[in-house]
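**Student:** Have a look at this one before I ask anything.
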Amino acid sequence: MRDLMLEKIASFQSQKSGWQFDEILSLGISIAPFRPLAGSSYLPTPKKPGFRRSIVNIQNKSDNKCITYTMAAAVSGTDKKNPQRLTTELKANAEKFDWTGIDFPTPLNQIDTIEKNTPDYALNVCSYDDERFSILCFCENPDGKKMIHMLHLKNQHTEHYAWIKNFNRLMRSEVTNHKSAHEFCYRCFSHFQTKEKQEEHLKDCSKFRAVRIVIRVNEDGTPQYVSFNHKKLNRKMQFPIIVYADFECINRMIDTCQPNPDKSYTQRYQ
């Protein structure tokens, strides 16, 4: 600082202004801490019905470790007055997990690595794009593990994870306005009235690739259903075979081509 001041004084006097430096009467120095701008992966939660009460979005506005805080919030809980706040306790709880081999912000292809590092937990990650939910990652063998549901948000610059505190409530907000409880399958988003039916469905659903049923809609948003005019039933053509296709009707390998009432078989019609 001293050398800098002397250099500026000599430069000023060399400009032939006739001024000469005599003495310093007073000198004030203001010091402020330097905080360089840091990247953040934080993204706000979409403003949709049911999201505010179902999602806890930790506000990590100074780093990219959103997934660590999301897992810590799901396991250890959050601040009761302000669940979105990133507290010192939440940071400490996040460090208890093994983050070996994990980048921040965390890409989706490293979710499997997190599950290997934390074998007691199963991660289910979904996204919300184009006004609907989609399945991104899920655990193949969640038996005996604590399920942690996450919402994946992204833009052109970063990606962010938020904790889905109540998965059934969040999915219900998209399906119906009724406040009655629904149990949702985290693989295909099918919903059921009871937990028993959901668990029974999951036994079959877990044997196949995770998909979501999408029903085409009209321009006004109403579903496209096939309808028949009951007043003109006499004009229908008679067919020997009719097929009703449903998600619960799962095609299995047949055992034989010979008719057998005790086994599956194929009978050629024409």
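Derivation of every value follows stated rules applied to the coordinates shown; laboratory data play no part. Keep in mind that this is a model prediction, so the values were computed, not measured. Cβ coordinates were reconstructed from backbone atoms using ideal geometry, including for glycine residues, and neighbour counts include every protein chain displayed.
**Student:** Which of the residues spanning the range 182-211 are in a helix (DSSP H, G or I) and of a type outside the set (D, E, K, R)?
**Tutor:** 198, 201, 202, 205
**Student:** Look at residue 58 and say whether it is touching a residue at least 60 places away in the same chain (Cβ under 8 Å), closer than 18 Å to residue 158 by Cβ and in a loop (DSSP other than H, G, I, E, B).
**Tutor:** Yes.
**Student:** Looking for something part of a loop (DSSP other than H, G, I, E, B), surrounded by 15 or more Cβ atoms within 10 Å (Cβ to Cβ) and in contact with a Phe, Trp or Tyr (Cβ under 9 Å, 6 or more places away or on another chain) - is there at least one such residue anywhere in the range 160-181?
**Tutor:** no
**Student:** Also: Taking interchain pairs and intrachain pairs at least six residues apart, which have beta carbon atoms under 8 angstrom, with the first residue in the range 140-157 and at positive phi and the second surrounded by 11 or more Cβ atoms within 10 Å (Cβ to Cβ)?
**Tutor:** Sorted first by the residue in the range 140-157, then by its partner, the list stays empty.
**Student:** Look through the range 73-122, keep the residues that are among the hydrophobic types (A, V, I, L, M, F, W, C) and farther than 22 Å from residue 55 by Cα, and return whichever of them is surrounded by the fewest Cβ atoms within 10 Å (Cβ to Cβ).
**Tutor:** 102
**Student:** Please find, among 79, 98, 63, the residue that is touching a Ser or Thr at 6+ places or on another chain (Cβ under 9 Å), under 26 Å from residue 157 (Cβ atoms), acidic (Asp, Glu) and outside any helix (DSSP H, G or I).
**Tutor:** 63
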